[in-house]
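FYI, it's all coordinate maths here, none of it is from the lab. Not measured: the values here are computed from a predicted model. Cβ placement follows ideal geometry from the backbone for every residue including glycine, while neighbour counts extend to all protein chains displayed.
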């Protein structure tokens, strides 16, 4: 058993925050039929200037203040080493089962696979949970322990575009990679690989210790990639039991390619929606495409959509011109600023490799270092995910389409909400004369965050400290997940954690490192699982 190290809480004093407003250099293009004089330098309304965050303190949070987990579990570690080939096969079995939520492909089969695996591990309860969408999975492992943890899982994955893949996306191939041997498959890193590795660790604990050090409540969903629209229905069924948990854990691989660790304490919120223009009584074809020559006398829904979209931002796309969109944003508090300072060196060091990996020559507005980190953590966004209309095939087809559609997302920061964001966008489009353009909400939820002072977080940090990984703690990930159901609704702290590395989420050649190259400090699968073992024991003794 470990010798518990009493956590030392950092003192987050009052810090002055500079939440400066920096006007963009360009403003909105003209809307359809509206002339803008001096178009080379239009102005931006005062209530649509983009906040530029500045960190007004040099104080940093010190991860070492959480202490060092001193426990060791050699029998369990040895079991992991002896069964590593079998554990790799568990990962391959999971990624070989397609579970594309957007296409409803393999969803129920993957839910049943997860349920059955929980039963094999000795979960007293393991069942599918019907929802208005894809089913959830509930599991309860009763260890008779004083501490209960909820485990958030997602079992769905993104669609696959075969172009760009070196191997078939659902073959579960182990391939050579510059970082070592990797599992290359859809879901390898997001999130099936880390989640099954966590279950592997549970399997080894039970095999060597007889039971787990904590009770577990698994609450899994099959719609994370669709915006978790029906996840609250799963929480509804088990809410009273979940409120008895001490916290929530999300299996997640936190090492970058350099082997440094970033531990995320929260996520941005999101609103995902469609914007559509169609021919209507005001003009344009209403029922089907027509010959392109009729543009001489017919309005185009495609031009209507593009000009509606263009009205939402400055010409460079970097400043949102929707009045009031920035108004609700809460500036970073003292804790968030100190966490950002802890991240700054690691972020700056990794920045060139990040840009190279993304194929991006420069960040928006040419920012870098602390300025780009502040934008990444604390800025809201408005992004076009896709836009389509008419003919896009080989050769020519001269038509005037009757409908044009775009999908957009906005990443939300405290205190923005999805419904208010959409209300502001709708009001802006109306004011610009785009009243007939349809805005359809597809999903959305608010941001969520856990304080670094939470015992759950301190216990997790103590395990990172045991392994000696350089660790920074981020107030949030710039992506989104439905953590709010735990942090806001159930008032439970949540931490995502684990060592190991992977990349390519949502992209071709998604991978997770299972056997790092010689000399690498990236954790292979065996060390990923040993970390989870230590983490469960550390969380069992958190105070």
Cα-based Kirkwood hydrodynamic radius, the range 318-384, one decimal, Å
13.5
Report for the chain the percent antiparallel among DSSP-assigned beta bridges with both residues inside it, nearest 5.
75
Given 10 Å bins starting at zero, what is the percent of C-alpha pairs of the range 115-274 in each, up to the one with the largest pair distance?
9, 32, 36, 20, 3, 0
Estimated 222 nm signal from helices in the chain, with DSSP H stretches of n ≥ 4 weighted -39500 (n - 2.57), rounded to 500
-9000 deg cm²/dmol
Determine, for 198, 140, the number of other Cβ atoms within 10 Å of each Cβ, and report the residues in order from fewest to most.
140, 198
When the convex hull of the C-alpha atoms of the chain is computed, what volume per residue in Å³ does it have?
160
Going from the fewest other Cβ atoms within 10 Å to the most, one would list 291, 402 as 291, 402
Computed over the range 104-196, the relative contact order (Cα-Cα under 8 Å, seq sep at least six) in percent reads 19
Share (percent) of C-alpha pair distances in the range 369-504 greater than 23 Å works out to 55
How large is the Kirkwood hydrodynamic radius of the range 94-165, in angstrom, based on all distinct alpha carbon pairs?
13.7
When 289, 276, 239 are arranged by how many other beta-carbons sit within 10 Å of their Cβ, fewest first, they go 239, 289, 276
